[in-house]
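No value in this document is a laboratory result; all are computed from the given coordinates. Keep in mind the model is a prediction, meaning the values are calculated, not measured. Positions of Cβ are backbone-derived with ideal geometry, glycine not excepted, and every protein chain shown enters the neighbour counts.
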């Protein structure tokens, strides 16, 4: 088993603080991407909405989440001891699982995978944001 990522909030307040702190970073990222795309001022005003910046902030937050990566057996051992209800995405017939279980939540999320670890980690982080953090932040 190993951990990937650096942010695992133990309270909802920590999650909200982290999300809020990413607002200005998201604005800078979107502005620089728009510049790289050579959007003129009018296109920028038309296309770069609050929703675009919010999406960037959501991604920055989700991509920093700490996740555990392990075999199905390691996941099942963890699950047997966990205090979380676990929502699993993916097939039951694969060998590996990635999961995220914030200390403040009653729910954890997991995604199964056979060989595409990076894809599973990305999927799990989006699932964690949508199923756990969206309501919190």
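When the stretch 15-29 is filtered for residues that are buried (at least 16 other Cβ atoms within 10 Å of the Cβ) and free of Cβ contacts under 8 Å to residues at least 12 places away in the same chain, nothing remains. The residue list 56, 108 contains one member that is surrounded by 16 or more Cβ atoms within 10 Å (Cβ to Cβ) and within 15 Å of residue 15 (Cβ to Cβ), which is 108.
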